[in-house]
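Working notes, structure below.
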Amino acid sequence: MAANQQSKTTLQIRIAACSYNVKNKSSTDVVSMPLENWLLGDKETIDSKKKEAYKDVDIYAVGFQEVDDPTIGSIIDDKSLGHMVLQNSIQKILTKVGIYKCLISVELQKKRLYIFIKECLFKYVANVSADAIDVSPRTTPSSKGAVFVRFLLHSTSFAFACSHQTAFENRLLERNKNIIEIAKNLSSPYAIDLHSHDYVIWLGDLNYRLEMPKETAEKLAVHTNWPELLKYDRLERSREPDGISQDYQEANITFLSQEQRVLVRKRKKNLTYNSIYYGSAKLRTSDHRPVILIFDIDVLPLDESKIQVAAVATNS
């Protein structure tokens, strides 16, 4: 497992945050896609550096947008049949590289978020909850918004948000408003603010694009001129104090994926965050390419003896 001891006080945890807009395909259609190339790495094209990045992931956060199933579950507790089909398919894929269990999953209409954790870490998890927020216009309910999961791992708190923002180039202000509204209103049964968590991982179809013609962007990408491309990135130009602020970090982008993004926020500057790999998979089944960010963080471990005492007390 990737939770190797770094010192007497911290444990290293490797996280894979994954996002894919499947463009109104059903769960049955989605599970027929080569999702393994996205979640585990394309074995035919992956280089040794990327292969090492995919090794020993402890937590998978897998988010989808625009999953179009005939029967949709409610916001949190009830899961549609399609939701479970997708969950079981992901778990089957992950079984090829380790023993993972689904800690929690949540859906809001076409948005899904699944959290898979290595089985050996389950006894260190607490305070698991989920929430959702709809920021869609009344005429198109639940097409835009976010689903949210929070939990403690050892003594470190995590929040994962999977969102889908307003589209179209001429609706930039509305898109910014979506981000701010989601950040302010996502809550949990424990009444803890989103930004009070040690780590916030925000993934999804943020719908921020490049302010340049597609042909120009593709030409710059061919020449791997990423710094020039990022000058025209609307996400970077639209950072707000109450929304996706400067506190959120994004790993270096070396691929063309304007809408699908993964951002990470640390509550304190001294918390660790080490980006290992940020890239997209070559799946041609949608006009979006799925993205994955793999990164390492350190958590503060719980006292093993206290966990054992608590377990005995619970079972007695």
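Worth a mention:
- Where labels lie 7 Å past Cα in the beta-carbon direction, separation of A221 and N24 in nm: 2.3 nm
- Spin-label model, N127 to T9: label points 7 Å out along the Cα-to-beta-carbon direction sit 2.0 nm apart.
- Peptides ranked, highest mean first, by Cβ atoms within 10 Å: ranges 33-42, 49-58, 196-205, 150-159: 196-205, 150-159, 33-42, 49-58
- Residues whose amide H falls under 5 Å from that of T272, counting only those 5 or more places apart or on a different chain, are D298, with hydrogens built in the peptide plane.
- Phi-based couplings in Hz for segment 113-121 (Karplus 6.51, -1.76, 1.60; Gly and Pro marked x): 9, 10, 10, 10, 10, 4, 4, 5, 9
- Calculated FRET efficiency for the pair E52/S196, C-beta based, R₀ 22 Å, to 0.05: 0.05
- Here the Karplus curve 6.51 cos²θ - 1.76 cosθ + 1.60, taken at θ = phi - 60°, turns the phi angles of segment 14-23 into couplings of 9, 10, 10, 9, 10, 9, 8, 8, 8, 6 Hz, with x standing for Gly and Pro.
Computed from the coordinates by the stated procedures, all read-outs in this text should not be read as laboratory data. Only a predicted model underlies this, so the values are computations on that prediction, with no experimental measurement involved. Positions of Cβ are backbone-derived with ideal geometry, glycine not excepted, and every protein chain shown enters the neighbour counts.
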